[in-house]
1. I'd like to check something: does the stretch 232-248 contain any residue that is basic (Lys, Arg), modelled with pLDDT of 90 or more, farther than 26 Å from Gly57 by Cα and over 20 Å from the mean Cα position of the chain (by Cα)?
2. Starting from the stretch 50-67, keep only residues that are on the phi > 0 side of the Ramachandran plot, then list their pairs with residues that are surrounded by fewer than 19 Cβ atoms within 10 Å (Cβ to Cβ) whose Cβ atoms are within a distance under 9 Å, requiring at least 6 positions of separation or different chains.
3. Picking from Met216, Met234, which residue would you name as being in a helix (DSSP H, G or I), touching a residue at least 24 places away in the same chain (Cβ under 8 Å) and farther than 30 Å from Gly112 by Cα?
4. Given the options Ala59, Ala54, name the one that is in contact with a helix residue (DSSP H, G or I) (Cβ under 9 Å, 6 or more places away or on another chain) and closer than 30 Å to His232 by Cα.
5. Restricting attention to the stretch 167-203, report how many residues are farther than 23 Å from Gly242 by Cα and either in contact with a Lys or Arg (Cβ under 7 Å, 6 or more places away or on another chain) or aromatic (Phe, Trp, Tyr) (or both).
6. Check whether at least one residue in the stretch 182-196 is at pLDDT below 85, surrounded by 14 or more Cβ atoms within 10 Å (Cβ to Cβ) and either in a loop (DSSP other than H, G, I, E, B) or touching a Cys at 6+ places or on another chain (Cβ under 6 Å) (or both), and report yes or no.
7. Taking the conditions exactly as written (modelled with pLDDT under 85, touching a Pro at 6+ places or on another chain (Cβ under 9 Å) and either closer than 16 Å to Gly23 by Cα or not aliphatic (A, V, I, L, M) (or both)), does Ser253 satisfy them or not?
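The values are calculated or read from the model by the stated rules, or taken from the named source; none is laboratory data. The model shown is predicted, which means the values in this text are computed figures rather than measured ones. Heads up, the Cβs are rebuilt from the backbone with ideal geometry, glycines too, and the neighbour counts pull from every protein chain shown.
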Amino acid sequence: MLVENALRFLSLADANVRFVLFGSLLIGATGGLLGSFAVLRRRSLVGDALAHAALPGVALAYLWTGSKALPVLLTGAAISGILGVLVMQFIINYTRVKADSAIGIVLSVFFGVGIVLLTHVQRVGTGNQSGLDKFLFGQAASLVDDDLRVMSVLAGLIILAVALFFKEFKALIFDADFLQTLGYSSRWIDALLMGLIALTVIVGLQAVGVVLIAAMLITPAVAARFWTEHLHKMVLLAAAFGGLSGVVGTFISSLVPRIP
């Protein structure tokens, strides 16, 4: 049985295996890519907070449209996640509350609202609400071709943005004052970084869920940090570790039946 499952995985003949494999690869790679900046910026739990902040958007998008189409739900998640970023940035910049406390506030408030809305959706009883809980716990096996296309576009935008603003992100992390002398606003660059992290969270929301999204961001980056002290190498290593973790996880899951 194990040999048959291994051969089936390696042949990529099963469409579901291909979708899960490439979806996990994209999620792991983009998570490691942005996670490196989050870890060095000492915002390791930002991804966790933003994942929880995106949950109300998923529920509201369904309540507003009645559709479970992934682009619709991810649009709601994106709006809610960006709102979480703005609230977090406002608290950090205009109050005496520290960054870690701001993250905790956004995480708890938005997650609480999300749970209330999901509970309401379940009680509405339209008969079409099943499956929304996969955004809470994740379900990689539910990925289909259309989902993969959406994820590929979002991942491409993330990679392009990181390539264009890599020097600015580097300056923000190591010398924000120098960034100001170059004519850039550190607040806007920081907001852009948080927005990209939010987008990364949204890419992985369906497969990983809000509960485990932080591990997707933090673990590859921390692992890469042990191997190098250079930012560009760390970013590439973290993306490679994240992508490899997705591939290995998919292989193990396909090898042993009834495993998540």
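1. Taking every residue of the stretch 232-248 in turn, at least one turns out to be basic (Lys, Arg), modelled with pLDDT of 90 or more, farther than 26 Å from Gly57 by Cα and over 20 Å from the mean Cα position of the chain (by Cα).
2. From the stretch 50-67, the pairs are Gly66/Thr126; Gly66/Asn128.
3. Met234
4. Within the list Ala59, Ala54, the selection yields Ala54.
5. The total comes to 4.
6. yes
7. In short, yes.
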